[in-house]
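The values are calculated or read from the model by the stated rules, or taken from the named source; none is laboratory data. Just so you know, these numbers come straight off a predicted model, no measurement behind them. When we count neighbours, we look across all protein chains shown, and the Cβ atoms used for this are built from the backbone with ideal geometry, even at glycine.
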Amino acid sequence: MRSDEELHTQMHTLTIALILSGIHKSSSYTFDFSSIISSKNFDPETMEDSIQRAQEWVDLDPNEKTKEYISSLIQNKGGPNCQKELQRLFPSDGSRVGFGTAGLRSAMKPGPLGMNDLVIIQTTQGLARYCQRAAAEAGKDEKKKLMAVIGYDHRANPDLGLSSKTFAILTKMAFLEAGFDCVLFDGYIATPIVAYAVTKLDAAVGVMVTASHNPKDDAGFKVYWSNGCQITSPVDGHIANFIVQEENLKPWTDYGSMLRKAMENEAACSDSCYGIGDKDITEFVVDDYFKAISASGLVTGQSSKFDTKVNICYTAMHGIGYQFAIKSADTFGLDALYSVPEQQGQLVSQLVSHEK
């Protein structure tokens, strides 16, 4: 068992290492100290395997920040802290974040076990190829391009240059590279609207970049099939197999340069996604979604029969549904919707009410 002094020294050494690698103490990046302190997480015999996997990752990673972070660990591989971190991020058994009926979900971090730019690219390339295979097996017209629909939430890890927004943009880039038509919702979107858009636009697949109720440091990649429903077995297994095919694990093009070039033109763009988002289609689909609700029979006018005013307070866990909750309240004829401004992105503290 380490003494308190030894533990303090190790923590201090780690802090210095993080600062040198560009990840400051104030960073939102969650570093797992427990994996560093526990000796059972470090196996010297498999260290070389982890280093090799880390280097292979660096060679493919389009994200400059995560690439730099892993490179710094490799350069300092003689230090025990760096060794343990490398083994945590790049296990010698080659494991990677699992793909299932809920798609992907993990912390935003480098390596095959996390949500990051390279994992998103590999996943989308595999998903695109499986969609094309499934369409061919179903006898679809090969001359007609398949369509994908993509939405995203607000999650981000700025210190590592990771975010739902960039994940969504990279997803669209990969689908386009595969020969798809693709719609990227302009700005944050509610998950049900992505599912609705799949059937409305006759898309082959939909992707929502969100981790739903998971902790804020997580991100996710939900997949909706052509029927607008979340994928089920055995489709998830087929997609998982396509993701790990060698041709799909290597980026088909220089996505990193494409993204950086798009970001450089941000000031000249009218959309939220550096000119890659589809603003007009977004407005059309969102408007049509609420029109469909109004015409569905769900809006019965019961709220007008209340004897007293019914006030509803809306709160988000990690979500971005506020603007859509307002539209929903209006659609159903509800009198008021209260919310905490911090969950609307406003820098004020008082409670506000949005009257019809």
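Being at pLDDT below 90 and surrounded by 20 or more Cβ atoms within 10 Å (Cβ to Cβ) is a description that does not apply to I70.
Per-residue answers, yes or no, for (1) in a helix (DSSP H, G or I); (2) crowded, with 24+ Cβ neighbours inside 10 Å:
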| residue | (1), (2) |
| --- | --- |
| I189 | no, yes |
| P192 | yes, no |
| A195 | yes, no |
| G206 | no, yes |
| A211 | no, yes |
| P215 | no, no |
| A219 | no, yes |
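Got at least one residue in the range 93-101 being in contact with a Lys or Arg (Cβ under 9 Å, 6 or more places away or on another chain) and closer than 19 Å to D59 by Cα? The answer is yes; a qualifying residue exists.
When R155 is tested against (1) under 14 Å from the mean Cα position of the chain (by Cα); (2) of a type in the set (D, E, K, R); (3) at pLDDT 95 or above, exactly one condition is not met: (3).
Residue check: is A336 modelled with pLDDT of 95 or more and farther than 28 Å from D218 by Cβ?
On the way: modelled with pLDDT of 95 or more: no; farther than 28 Å from D218 by Cβ: yes.
No, not satisfied.
Of the residues screened, V194 is not one that is in contact with a helix residue (DSSP H, G or I) (Cβ under 6 Å, 6 or more places away or on another chain), within 30 Å of L160 (Cα to Cα) and at pLDDT 95 or above. Taken together, E64, E56, E45 contain a single residue that is at pLDDT below 95, farther than 30 Å from Y224 by Cβ and surrounded by fewer than 16 Cβ atoms within 10 Å (Cβ to Cβ), which is E45.
Of the candidates V205, V194, the single residue that is over 18 Å from V286 (Cβ atoms) and either outside the structural domain of D280 (by TED's automatic domain parsing) or of a type in the set (V, I, T) (or both) is V205.
From the list S328, S272, which residue is part of a loop (DSSP other than H, G, I, E, B), among the polar types (S, T, N, Q) and surrounded by 11 or more Cβ atoms within 10 Å (Cβ to Cβ)? Outline the logic, then answer.
Numbers: S328 fails: part of a loop (DSSP other than H, G, I, E, B).
Exactly one of S328, S272 is part of a loop (DSSP other than H, G, I, E, B), among the polar types (S, T, N, Q) and surrounded by 11 or more Cβ atoms within 10 Å (Cβ to Cβ), namely S272.
Just checking, which of G228, G256 is assigned to a helix (DSSP H, G or I) and either of a type outside the set (V, I, T) or over 18 Å from G98 (Cβ atoms) (or both)? The unique qualifying residue is G256.
Can you find a residue in the range 149-162 that is under 28 Å from L201 (Cα atoms), in the same structural domain as W252 (by TED's automatic domain parsing), crowded, with 22+ Cβ neighbours inside 10 Å and of a type in the set (A, V, I, L, M, F, W, C)? Yes, the conditions are met somewhere in the range 149-162.
The residue list I320, I293 contains one member that is at pLDDT 95 or above, outside the structural domain of Y196 (by TED's automatic domain parsing) and either touching an Asp or Glu at 6+ places or on another chain (Cβ under 9 Å) or surrounded by 13 or more Cβ atoms within 10 Å (Cβ to Cβ) (or both), which is I293. Considering (1) modelled with pLDDT of 80 or more; (2) loosely packed, with under 11 Cβ neighbours inside 10 Å, the lone condition that T308 does not fulfil carries the number (1).
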